[in-house]
Amino acid sequence: MKAFTLVETLVAVTILTIAIVGPYSSAQHSLIAALAARDQLTGSTLAEEGVEYVRSVRDSNYFLGEPWLENLDACTPGPCVIDPTDNTESGVIKPLTLDANGVYSQRAVSAANKATIFTRTVSLTPIPDDAENPTEVLVTVTVSWKEHGTPFSAKIFAHLTNWQ
């Protein structure tokens, strides 16, 4: 009976290691890519929500007979943060929180609201640059986050006009 030599054993172990590590490495890269795609989708959705909130404020102001940019003062020229869950805007930029129902807000971190990696800012730039009485604004919503030390962002632009 012939026994395996040490060299044959090392070669067999090396081949087996390569055969096992390759798929694990691919799975790890796939998981990282899936998480990055999830965060990009979340960031884009949060940015779109910011634009929709500004539109909603403009529409509500129109129906209430108020100035069309009322309640968005901190966002002109910005940046500001908005919280559609309680209809507020603020100049204090802080990360969004996530509640048990999956709703993102600017509420304080607590047992009910977990901190997230996302920060959303809104800026309203008058077009043309007439801050006194603009008839059109460029809405810029930026959602930023860091993943594994790498900064990412999703940015959405929209033009809004005064209906009056």
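Values in this text are rule-based calculations from the coordinates and carry no lab data. Remember, it's a predicted structure, so these values are computed and weren't measured experimentally. Glycine also receives a Cβ, built like all others from the backbone with ideal geometry; neighbour counts cover every protein chain displayed.
Give the whole-number value, in cubic angstrom per residue, of the convex hull volume spanned by the C-alpha atoms of the stretch 61-164.
117 Å³
Residues of the stretch 75-117 with backbone nitrogen within less than 18 Å of a virtual label 7 Å along the Cα-to-Cβ line of PHE152, please, listed as ranges.
So the set is 95-98, 104, 115-117.
Using alpha-carbon pairs under 8 Å, 6+ residues apart, how would you state the relative contact order of the stretch 50-126 in percent?
In percent, rounded to a whole number, it is 29.
Which order do the peptides 111-118, 148-155, 74-81, 41-48 take when ranked by the mean count of other beta-carbon atoms within 10 Å per residue, highest first?
Descending packing order for the listed peptides: 74-81, 41-48, 111-118, 148-155.
May I ask for the angle, rounded to the nearest 10°, between helix 6-64 and the longest principal axis of the chain, with both axes built from Cα atoms and the value confined to 0 to 90°?
The two axes meet at around 10 degrees.
In the chain, how many lysine pairs have Cα atoms under 18 Å apart, counting only pairs 8 or more places apart or on different chains?
5
Can you give the net charge of the other residues whose Cβ lies under 14 Å from the Cβ of LYS155, counting K and R as +1 and D and E as -1?
Result for the neighbourhood of LYS155: -1.
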